[in-house]
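Below is one structure, written out as structure tokens; comments come after it.
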Amino acid sequence: MTIPTRWVFLQVKSRKFNRKKEKPLASTLSTDVMNPPMDKLDNIFELQDELNRRIGVDMSAMNDEDRAKWILNYVRAMQQELAELTDSVPWKWWAKYQEFDKQNAKVEIVDLFHFLISLAQVMGMSAEDVHEAYLKKNKVNHNRQESGYSQKDENDSRHI
């Protein structure tokens, strides 16, 4: 069994070692590594897959035509959720009656996550795929900032 490095790192990083109350880290680490907790992003992807299947969306059986249809469905759903998020924020500078509905804004952000994860799944991406692509794209974005991002270079993201 190969244990991803990030699990070991997270286990070590999250442990507060108290010599009087806990076993030494080495004796607990082997158990934790052999039965790592589910990663939060993995868990979210699994839950979304279960929900999509319950709704009747089986991404494993999709052909390219189905994928294109569902990409558009999820993009439209996300556009609607973005509009609902926008309505949670007092954006009408001419209206004095508006209030910032922080609780609803949080709900709309979670709704966006549902559709964004479904969109990734339509494209065959796992939580690990998204994480790896995010790390690569994040590095590209930092490099762009370091260089002043004065010119668009579409080739800088082709490796993602």
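Summary of values
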quantity: Burial ordering of R54, R67, R76, fewest other beta-carbon atoms within 10 Å first; calculated: R54, R76, R67
quantity: J(HN,Hα) series, the range 40-56, from Karplus relation 6.51 cos²θ - 1.76 cosθ + 1.60, nearest Hz, glycine and proline x; calculated: 4, 5, 4, 4, 5, 4, 5, 4, 5, 4, 4, 5, 4, 5, 5, 6, x
quantity: Residue order, fewest to most surrounding Cβ atoms within 10 angstrom, among D153, D49, D64; calculated: D64, D153, D49
quantity: Sites matching GluC sites (Glu not before Pro) across the range 68-160 that sit in DSSP coil, with at most 10 neighbouring C-beta atoms within 10 Å; calculated: E99
quantity: Gain in span if fully extended, F113 to V75, counting 0.36 nm per residue against the direct Cα distance; calculated: 12.5 nm
quantity: Spatial extent of the range 34-121: Rg and Dmax, with the Cα atoms as the point set, Å; calculated: 16.7, 59
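Any read-out appearing in this document is the output of simple, stated calculations on the displayed coordinates, not a laboratory observation. On a predicted model such as this, the values are computed, not experimentally measured, just so you know. Here the Cβ is made from the backbone with ideal geometry for all residues, glycine too, and neighbour counts use every protein chain on show.
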